[in-house]
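Colleague: Sharing a structure, written as structure tokens. Questions coming.
The values are calculated or read from the model by the stated rules, or taken from the named source; none is laboratory data. Here the structure is a predicted model, which is why all the values come from computation and not from measurement. So basically every Cβ, Gly included, is an ideal-geometry build from the backbone, and we count neighbours across all protein chains shown. Keep in mind that these areas ignore ligands, DNA and RNA; they rest on the heavy atoms of the full protein, side chains included. Shrake-Rupley method; radii C 1.70, N 1.55, O 1.52, S 1.80 Å.
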Amino acid sequence: MQFRPIEIADRALVSRYQKERDYPGNQFSFGTLFIWRKIYSTAICEEDGFLFVRQGQPGAYSYLCPLGGDFREAVDRLRAQAARDGQPLRILSLPPEEKEKILALYPEEEVSVSANRDLFDYLYERERLRTLAGRRLQPKRNYLNRIRKKNWSYEPITADNLDECFAMQKLWCAEHNRCAEESVRAESCAVRQAFSHFQELGFAGGCIRLDGKIIGYTMGEPLNSDTFVVHIEKAFSGIEGAYPLINQQFVEHAMEGFAYVNREDDAGSEGLRKAKLSYDPCRLLENYRAQFRA
């Protein structure tokens, strides 16, 4: 199998397979695959109506859930490729449907399947995020009511303010010890890619100004027929209400026509998990990994 590094020109190819699967999980998003490609050494291979995605280094490759064609044939091709690479096959980011197929197709002495809670996507009803209605979201409305009394404004990200948003990102990084923590540094690399290829990726974005200065921004893209995914959301933590405001405004202005919002996973961060649960998701999209035995 001829794998090659994923490129911006692959957007139409990946999106076609993504559209056919029509799953609301972020693992099939081209934007995610592309902006994180340098961190995970992401490579792709299209072969006989299948799309395969590989991550990692020689001797420690992992594959994402294959797309297209017969699922068993796709998995068997990956098993053969892993054998040629001298390693057992490991598949990450399996949705529940494909997890069940793995368990039905292969005996338990050949493969083990486990949930990866840190990579469960948080799915929300778009209308609830827009209105923040209900008792559980009352604290979010309180934050909004307070910051809305100040001199604030919302605007979409365009070529005219993209650089200003990136300047705000640099200040955010400085606020977080200049991204010294490894996970924050990796994310910062992905964020830089999102800014560098914002238009080519087809991203939509929005930012919040307070007294004329940008204090928060966010970016995302349509994920499937009814779901919009938010890839990045940053605001200055010292400004109370900045995060709820950029969240609510982006949902209101950029996601009309979508029923759901995918706000991605929490990567195992306790603080991020608490924050995402506080918005009362309607569903956690389960994520599984399959480890085949040699």
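Colleague: May I ask you to list the residues in the stretch 82-95 that are more than 16 Å from V111 (Cβ to Cβ) and either open to solvent by less than 50 Å² (accessible area, probe 1.4 Å) or in a strand (DSSP E or B) (or both)?
Modeller: P95
Colleague: If we only count strands (runs of 3 or more DSSP E) wholly inside the stretch 179-273, which ones have 3 or more residues that are more than 24 Å from Y40 (Cα to Cα), among the polar types (S, T, N, Q) and open to solvent by 40 Å² or more (accessible area, probe 1.4 Å)?
Modeller: Once the strands (runs of 3 or more DSSP E) in the stretch 179-273 are filtered for at least 3 residues that are more than 24 Å from Y40 (Cα to Cα), among the polar types (S, T, N, Q) and open to solvent by 40 Å² or more (accessible area, probe 1.4 Å), nothing remains.
Colleague: Name the residues in the stretch 134-143 that are under 26 Å from the mean Cα position of the chain (by Cα), open to solvent by less than 50 Å² (accessible area, probe 1.4 Å) and more than 13 Å from Y243 (Cα to Cα), would you?
Modeller: Passing the criteria: only L137.
Colleague: Which one of D160, D211 is free of Cβ contacts under 8 Å to residues at least 24 places away in the same chain, more than 21 Å from A267 (Cβ to Cβ) and more than 21 Å from the chain's Cα centre (by Cα)?
Modeller: Residue meeting the stated conditions: D160.
Colleague: May I pose another question? Tell me the residue from Y122, Y154 that is in contact with a Gly (Cβ under 9 Å, 6 or more places away or on another chain) and among the aromatic types (F, W, Y), please. Break it down into steps so the answer makes sense when it comes.
Modeller: Working: Y122 fails: in contact with a Gly (Cβ under 9 Å, 6 or more places away or on another chain).
Sole residue among the options that is in contact with a Gly (Cβ under 9 Å, 6 or more places away or on another chain) and among the aromatic types (F, W, Y): Y154.
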